[in-house]
Amino acid sequence: MATQEELHQALVDIGRANPEGHQGASTYLKLLDYSVLQQCIHCGMCLPTCPTYDETKLERNSPRGRIALMRKIADGRLEITQAFGQELYFCLGCLTCETVCPAGVRYGEMFEHARADIEQVGVLRNPVRNFVRAITLRWIFTRPQALRIAGRLIWLYQASGLEFIVRKLKLTRLLPARLRALEPLMPRVQRYFSDALIRPIETPPNQKYRVGLLTGCVQDLAFSQVNRDTADVLLANGCEVVTPPAQFCCGSIHAHNGELELAKQMARRNLEGFDLERLDALITNAAGCGSHLKNYAHLLQDDPAFAKRAKQWSKKVRDIHEWLAEIGIRAPTTSLRQTVTYHEACHLCHGQKITRQPRQVLRAIPGLELVELPESTWCCGSAGVYNITQPEMSQKLLQRKMANIGTTGAQIVASANPGCSAQLEAAVRDSTLNVKILHPISLLAQAYRKGDAQG
Amino acid sequence: MHKIAADLTRMLGSQQVLWEREHLVTYGFDATAALEATAGCVVLPKTTAEVSEVLRYAAQNKIPVVARGSGTGLSGGSVPVPDCIVLCLVQMDRLLELDEKNLTIHVESGMVTQKVTELADAAGLLYPPDPGSMKISTIGGNVAENSGGLRGLKYGVTRDYVMGLEVVLANGEIVSLGNKCVKDVAGYSMKDVFIGSEGTLGIITKVLLKLVPKPQAKKTLLATFSQMDAAGETVSAIIAAKIVPCTLEFLDRITVRCVEEYMHLGLPLNAEAILLMESDGHPVVVEEEARQMAEIARGRGAMAVQLAQNEEEAIQLAAARRTAFSALARVSPTTILEDATVPRSELANMIRFIQQTAAKYEVTIGTFGHMGDGNLHPTFLTNEKNTAEMARVEKAMAEIFDHAVSLGGTITGEHGVGLAKKAFLPKAIGDASLELLRQLKCTLDPDNILNPGKIFD
């Protein structure tokens, strides 16, 4: 079977010690426009906002320190070493530094290039890491069917009671310590994925717009109801919703983990999946995806076949809250008498500078009281796969977040990113805190549904 | 690991000594453009005793020691001397005492300035100095550089709030200088010698600061001028009218354009100058002073005067000044922020000279700054990779400093001399003063191990 050969090749590729033979030297950082690296004026304003620096107070663990290292590497004055690799994977990629940077440094871009260098040179390679990366990045997250099969298997494990038995009998003790710590982090996979919940085209009676809906990967498996809710909210606001049943991963997981070429491939596949000319907007409800989807224009700027289309794509991508604010939210007629606090996903508030609109969505719901969350823009430690790769720092950040949530007294935490939601849900399961984690759009959809039922 | 790092690791433990190249690179610079060097190792002490131990070791072995807080300095003061020990004090950041009866706060020198402000604020008090980097700069760094800020005219600078210091001398001896007494003339005021000493005379480990009651009210106005002289005259007239505003800030034409391009605040692009004015204190006085300042600005030909009606509007008006540096810093790869300072009466002259000099050397300089205290920030927008342009920048800078000195001003109002202004110091203060500085340094640091080569050679 061709796919099996491909898997084999993926394993071989990723396991190769050093395919290009550039031990220690940079390819990707060197390719970056030098002005990007030079833009940092090392003023230090990023330091107090960086979660890792705040924890360690070591310059190396700050954006300014990391940029200094990256610049040295691009200048050929420092080799790509294991310590450099570890440092760049200690970074959350939360992009808070971009928000506060007075000089407009594009840290995210440097960070992605640095990680691509690290992977190419291979300073962090080991058999387990290579295997996991091959299976996930190269295999599962490049094939919609593989992803759904993986999701189905996890669902079977969780829904069949097997998980319950394993936990009851404490069989997880048989796992290596690292995996044992990860097991509770596994998000609850849903019985129905997005394609079972949303028809390819759904049209409201009073259609004003036509939009594409991006269903995501984790969102599709673990939070498919959020996708259904998003479709409902769009329909309730006069948008025809076009949802291709099989969609490709947006590639953010690849771009953030040093696989820039794969990220480009995924972007191209997505560009082919939507008829852009016929859509007013492309809607995403996952902050991490949205931030990356808006970057397609930049990612493919040197690709003659796709550059133009990618530009058009980036212009049309909207986070769902952003889109609703643009077209005007239809206020629900019934009220939800609850208190909610809003946790800001990094890739929404820092990656996309969207802070006002999700609050607008929550405020549009009658009766819902919004209590501001202290340090709402401080990373919760989920950060893509950070909670898996850096469990210690991730837990520290999560505890800080949970303590802040506790002070609000809210019954609901609204969060607009599947990574954050899964991380917070796992923490809530382990704590005495009685809160529900919901997407702001799910709350809005609930209010609409309640209104329809009553009226 | 070389010997020094190994010795220090034995003394302090491996957690507090950094020597790997990936660490050293990140302590090789501060916020000054184009200055860099590599230390031998970095030490992160947690107590005064540890600082003393490190200094005793350095003195015995004649190893240079460069003190550092968060590395936000703008004159290269904390840039390492090659192979030195960098003494980074950020982990010494404890609150020792907030004394509401005597209105003082006692902290370790690594505490971030913002934290000092927040602690004071929570007690209904104010720590007035507000340098631009206060969100991350350390209070020890502020004292070592005698930092200023936006409120200098009314509230003074860091020196005006330091009541006492704990300092570790070059030989490792620990001295405590000053106390909570408002009046104290027992001996020389030695604490004042260490304020602004840029890490060349001793290592500041604890700081006792004076706090003041928080003003009850504040009023903000923004005036736009089509002529630079009109703005200058407005400032002079405000001072002459016996008004002491807490803020009297200025942006020149280039800065206004950059801010407008970045923030879209609706600033007029034909403005030659913008003044941000704020009065704080008793509500009745504040109201009256704001009215008077608006009248003075209009009388001197301001194109527009906006008076904030509430807190939200005040924040809006202040946005132009608050974002000035960011707006300039994103224009070009290298941003050099200078701080030439002149007596207030010479401001219009100085600003005009800066603009002429920029034109003469074909360099871009955006100027903003503190009109109230004569402290200007001519900001060079350039590219350090462009050697020809950098040479012109150097020439323009030298002329600007010369002119400031010739007007009775100074080469640095609040950034310090460090490495960046070292060449200009002899002309600015004269040979006799420089010799006095040298003698003092020689007395306190005979082996020249504390931040050698900074301020003067």
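Please work out whether region A:143-185 counts as rounded, prolate or oblate from its C-alpha gyration tensor, where a ≥ b ≥ c are the square roots of the eigenvalues and a/c under 1.5 means rounded, while otherwise a/b larger than b/c means prolate and anything else oblate? Oblate, since a/c reaches 1.5 and b/c is not below a/b. Dividing the radius of gyration of the alpha carbons in the protein assembly as shown by their Kirkwood radius gives 0.99 for Rg/Rh. With both labels modelled 7 Å from their Cα along Cα-to-Cβ, the A:Lys396 to B:Asp431 distance reads 5.6 nm.
Qualifying GluC sites (Glu not before Pro) in region B:326-374, where qualification requires a DSSP coil assignment and no more than 12 other C-beta atoms within 10 Å, comprise B:Glu362.
Computed from the C-beta positions of B:Arg94 and A:Thr432, the FRET efficiency with R₀ = 35 Å rounds to 0.65. Dividing the radius of gyration of the alpha carbons in region B:229-275 by their Kirkwood radius gives 1.06 for Rg/Rh. For a paramagnetic label modelled on B:Lys242 (point 7 Å from Cα along Cα→Cβ), amide N atoms under 16 Å away belong, within region B:284-304, to B:285-286, B:288-290, B:292-293. Just tell me the longest site-free run in chain B, where the sites are trypsin sites (Lys or Arg not before Pro) in a DSSP loop having at most 14 other beta-carbon atoms within 10 Å. Here the longest run is B:243-384. When both region B:369-392 and region B:123-155 are represented by their alpha-carbon centers, they are found 23 Å apart. Set the Cα radius of gyration of chain A against 2.2 N^0.38 Å, with N its number of residues, and you get 0.97. Residues of region B:58-73 with amide nitrogen under 12 Å from the 7 Å Cα-to-Cβ point of B:Asp447? Once the point is set 7 Å along Cα→Cβ of B:Asp447, B:58-65 turn out to lie under 12 Å by backbone N, inside region B:58-73. For chain A, the longest principal axis of the C-alpha atoms and the axis of helix A:224-236 are separated by about 50°. Within straight-line reach of B:Lys454, meaning a Cα separation under 19 Å, sit the following lysines at least 8 residues removed in sequence or on another chain: B:Lys62, B:Lys421, B:Lys422, B:Lys427, B:Lys441. At full extension, A:Arg173 and A:Gln86 could sit 28.5 nm farther apart than now, given 0.36 nm per residue minus the alpha carbon distance.
Across region B:323-348, the residues whose backbone nitrogen lies under 17 Å from the label position 7 Å along the beta-carbon direction of B:Glu399 are B:340. Taking a Cβ cut-off of under 14 Å around B:Arg253, the surrounding Lys, Arg, Asp and Glu residues balance to a net charge of -3, with basic ones at +1 and acidic ones at -1.
The lysines whose alpha-carbon is closer than 19 Å to the alpha-carbon of B:Lys154, local same-chain residues fewer than 8 away aside, are B:Lys210, B:Lys214, B:Lys218, B:Lys219, B:Lys242. A viscosity of 0.890 mPa s and a temperature of 25 °C, combined with the Kirkwood radius over Cα pairs in Stokes-Einstein, give a translational diffusion coefficient for region A:237-350 of 158 µm²/s. All Cα-Cα separations within region B:3-88 were binned at 10 Å from zero, giving a P(r) of 19, 54, 24, 2, each value a whole percent of the pairs. Inter-label distance, A:Leu276 to B:Arg352: 5.5 nm, where each label sits 7 Å from its Cα along the C-beta direction. For the protein assembly as shown, a simple Cβ point-charge model (Lys and Arg +1, Asp and Glu -1, everything else neutral) yields a dipole of about 2440 debye relative to the Cα centre.
Beta bridges per DSSP, both residues in the protein assembly as shown: antiparallel share near 70 percent. Remark: region B:221-234, residue by residue, has Karplus-estimated 3J(HN,Hα) of 9, 10, 10, 10, 10, 8, 10, 4, 4, 4, 5, x, 5, 4 Hz, where x stands for each Gly or Pro and the curve is 6.51 cos²θ - 1.76 cosθ + 1.60 at θ = phi - 60°.
Between B:His2 and A:Asn126, the simple spin-label model (points 7 angstrom out along Cα→Cβ) gives 3.2 nm. Straight-line cross-link reach from B:Lys206 at under 17 Å between alpha-carbon atoms covers these lysines, not counting any fewer than eight positions away in the same chain: B:Lys46, B:Lys115, B:Lys180, B:Lys191.
Putting +1 on Lys and Arg Cβ atoms and -1 on Asp and Glu Cβ atoms, find which of B:Val112, B:Cys84, B:Val342 reaches farthest to the positive end of the dipole of chain B. Looking along the dipole axis, the top candidate is B:Cys84. The loop-placed GluC sites (Glu not before Pro) in region B:50-118, going by DSSP, that have at most 15 neighbouring Cβ atoms within 10 Å of their Cβ come out as B:Glu100. If only the Cβ of Lys and Arg carry +1 and only the Cβ of Asp and Glu carry -1, the dipole of region B:96-179 around its Cα centre is close to 300 debye.
Work out the FRET efficiency for B:Asn179 and B:Lys101 from their Cβ-Cβ distance, taking R0 = 22 Å, and round it to the nearest 0.05. Between B:Asn179 and B:Lys101 the formula returns 0.95. The calculated Kirkwood hydrodynamic radius for chain B is 23.0 Å, given to one decimal from all distinct C-alpha pairs. Taking a ≥ b ≥ c as the square roots of the Cα gyration tensor eigenvalues, with a/c under 1.5 meaning rounded and otherwise prolate when a/b beats b/c, else oblate, which class fits region A:18-121? Since a/c reaches 1.5 and a/b is larger than b/c, the shape of region A:18-121 is classed as prolate. The antiparallel fraction among DSSP beta bridges confined to region B:3-88 stands at about 20%. The eigenvalues of the Cα gyration tensor, multiplied by 5 and square-rooted, give region A:150-233 an equivalent ellipsoid with semi-axes of 36, 12, 8 Å from largest to smallest.
Just so you know, all these numbers are worked out from the coordinates, no wet-lab data involved. From a predicted model like this one, the values you see are computed outputs, not experimental measurements. For neighbour counting, all protein chains shown are included, and Cβ atoms are generated from backbone atoms with ideal geometry for every residue, glycine included.
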